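What follows is a short report on a single structure.
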Amino acid sequence: GGHDSRVNCVRWHQDNCCLYSCSEDKHIVEWNTQTCKVKCKWKGDNSSVTCLCISPDGKMLLSAGRTIKLWDLETKEVYRHFTGHATSVSSLMFTTVKPMNESIPFDGITGLYFLSGAIHDRLLSVWYIRSDRKEKNAVMSFAVTDEPIFVDLTLSEVKEEPVKLAVVCRDGQLHLFEHILNGYCKKPLTSNCTIQIATPGNDGDSTPKPVPILAAAFCTDKQSLLLVYGNTSQPVIEKVSLNTSEPHICLVRDIQKVLSLKTDAALTKVKTPVVNSDTKVLVPGIPGHSTAVKTPASGKEKKKNKRKPGETEESIEERLGALDIDVSKVKTPGGLPQTDSLAVLLVQGLESNDAEILNKVLNTRKENIVKNTVARMPIYAVIPLLHELTKRLQGNPYSASLMVRWLKSVFTLHASYLSTLPDLIPQLGMLYQLMESRVKTLQKLSRLHGRLFILASQVAASEAVQDVPEVNQTAKLVYEDESSEEEGSDDEMIADKDSDENWDEDEEKEEQSDEQDMTVEKEINGDSDLEPENESEEE
């Protein structure tokens with residue numbers, strides 16, 4: 001009667017005949033083993049307590065849920081607190097009996113190291129108990145390939161003696177570590193040796209199959225291991241001497257010869273009688289009346305079709321008419337849902353904030369369906385729809401282009417309702433800012449688009465010119481007519497004479513006009529009194 005929920009861990013005390021247990025009910029219970037009653041009970045954590053460990057001197061108790069606490073068993077108060085793991089701790093044990101620094105007086109707990117492992121965590125953490133409360137983090141960690149399910153170690157009793165650690169993982173591998181605990185180590189330590197077991201693969205199947213290792217423990221000489229492998233119902237236990245010089249060891253074991261598991265056939269009390277085909281089955285009714293055995297399928301059909309004889313079956317259209325359902329609005333299989341159902345789905349998606357429903361409705365591309373859906377939706381759903389559209393406008397451009405159609409329909413169809421809202425500007429503030437920021441970059445993007453279009457067209461034109469073959473300009477055939485050439489030459493000569501005469505007349509007229517202009521300029525400028533020599537020069 002000590003706990004209210006499942007018990008996770010039990011630890012014996014080596015001296016005072018006590019038993020310690022922890023449970024899912026967040027409490028730790030100290031039991032008196034002589035009276036079998038609760039001696040003390042206290043709350044160990046804010047969540048379930050999963051693991052316990054008693055200190056070597058028997059005065060302290062380690063408890064762990066996710067965080068790790070060190071309790072004083074006399075006062076039942078927390079002596080030290082450690083950060084722990086992200087998941088529930090599954091293993092907790094001390095690795096040293098005495099502190100490594102022998103100069104400091106030993107109080108029974110300060111200076112000791114302890115090890116912890118958690119479920120779904122591939123790191124075993126080592127913690128150091130200091131005299132102060134400053135450091136709460138792990139000083140080193142051991143890295144394994146999978147979640148540890150069984151951990152065993154040899155205690156370090158002397159300063160220079162390394163701690164040997166055997167960790168069995170969920171993937172069936174055994175990792176061996178050997179390390180001297182002498183302070184902080186930043187990087188996780190990898191295993192010195194990995195042991196696996198596999199079948200030889202000589203018989204029918206030529207490929208060896210892995211045999212999972214279930215547990216491992218060090219022997220008293222600290223140089224050999226007891227391995228437990230095979231099937232959990234009938235495991236094989238074997239003593240193996242360690243050879244840590246090799247980083248990977250694969251032991252070949254034929255567990256098919258060792259294990260002879262017999263699987264008995266399942267017994268059942270149900271007996272199926274042997275029925276002869278000539279047997280007649282009598283049914284209740286007239287005595288001596290025999291009839292064929294009715295199959296359950298025919299019975300089901302009879303239950304489904306409960307109609308009176310002579311009555312015709314109603315069509316689906318007539319049944320829907322009796323239920324006041326318009327046949328034209330019934331959704332055809334594989335067709336699009338109607339606008340009524342889309343409006344209902346949209347309101348449901350906005351109220352429940354269901355992304356799947358909203359994606360199904362808002363990804364509609366047809367303009368008339370969008371308009372009809374917005375027109376049929378209730379007034380109270382307009383503002384939530386605007387907020388949802390504003391949120392989706394900030395996403396990728398493809399979804400934004402779809403949302404603009406919905407925005408256009410909302411503003412055109414519900415403009416009168418939106419204009420009556422007193423807090424419309426705060427409601428649409430984010431939308432205003434979003435549109436302004438998009439429009440600001442439109443001009444620059446248009447310029448860039450134009451330049452890129454010109455460049456692309458020029459490149460395409462130059463490539464097209466290069467691809468066109470050169471055309472031969474020389475004429476392949478020349479036809480000459482003598483009469484036409486003579487007439488043409490006479491006409492050309494007459495035209496040349498006329499043009500020469502006209503040219504001479506034009507030159508004379510131009511010279512006369514130039515002389516008149518110069519005399520007028522002289523009169524205006526007072527140059528008429530110039531000397532004859534100068535006049536000739538001017539002329």
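The values are calculated or read from the model by the stated rules, or taken from the named source; none is laboratory data. All values reported here derive from a predicted model rather than from experimental measurement. We place every Cβ from the backbone using ideal geometry, glycine too, and count neighbours over all the protein chains shown. The accessibility values were calculated without ligands, DNA or RNA, using every heavy atom of the protein model including side chains. Shrake-Rupley method; radii C 1.70, N 1.55, O 1.52, S 1.80 Å.
Quick look at the numbers
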| read-out | value |
| --- | --- |
| Extreme residue, surrounded by the most Cβ atoms within 10 Å (Cβ to Cβ), among residues of the stretch 55-78 that are polar (S, T, N, Q) and within 21 Å of D25 (Cβ to Cβ) | S63 |
| Flag for H81 being farther than 30 Å from N231 by Cα and buried (at least 21 other Cβ atoms within 10 Å of the Cβ) | no |
| Filtered residues of the stretch 117-134 (kept if loosely packed, with under 13 Cβ neighbours inside 10 Å and in a strand (DSSP E or B)) | none |
| The stretch 409-427, residues that are touching a residue at least 24 places away in the same chain (Cβ under 8 Å) and under 36 Å from the mean Cα position of the chain (by Cα) | S409, V410, Q427 |
| Pairs, first open to solvent by 60 Å² or more (accessible area, probe 1.4 Å) in the stretch 180-196, second among the acidic types (D, E), C-beta under 6 Å, six or more apart | N192/E178 |
| Evaluation of N372 against (1) surrounded by 11 or more Cβ atoms within 10 Å (Cβ to Cβ); (2) modelled with pLDDT under 85; (3) within 18 Å of L345 (Cβ to Cβ) (one fails), failing number | (2) |
| Some residue of the stretch 391-412 being of a type outside the set (F, W, Y), out of contact with any strand residue (DSSP E or B) (no Cβ under 9 Å at 6 or more places or on another chain) and closer than 30 Å to I316 by Cα | no |
| Residue within the stretch 294-316 that is of a type outside the set (A, V, I, L, M), touching a Lys or Arg at 6+ places or on another chain (Cβ under 8 Å) and modelled with pLDDT of 85 or more present | no |
| Any strands (runs of 3 or more DSSP E) falling wholly within the stretch 10-54 and containing at least 2 residues that are open to solvent by less than 50 Å² (accessible area, probe 1.4 Å) and within 21 Å of S116 (Cβ to Cβ) | 18-23, 51-54 |
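Yes or no, residue by residue, for (1) over 20 Å from A355 (Cα atoms); (2) of a type in the set (V, I, T); (3) free of Cβ contacts under 8 Å to residues at least 40 places away in the same chain:
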site: R376; (1), (2), (3): yes, no, yes
site: P384; (1), (2), (3): no, no, yes
site: M403; (1), (2), (3): no, no, no
site: W406; (1), (2), (3): no, no, no
site: G429; (1), (2), (3): yes, no, yes
site: S437; (1), (2), (3): yes, no, yes
site: L448; (1), (2), (3): yes, no, yes
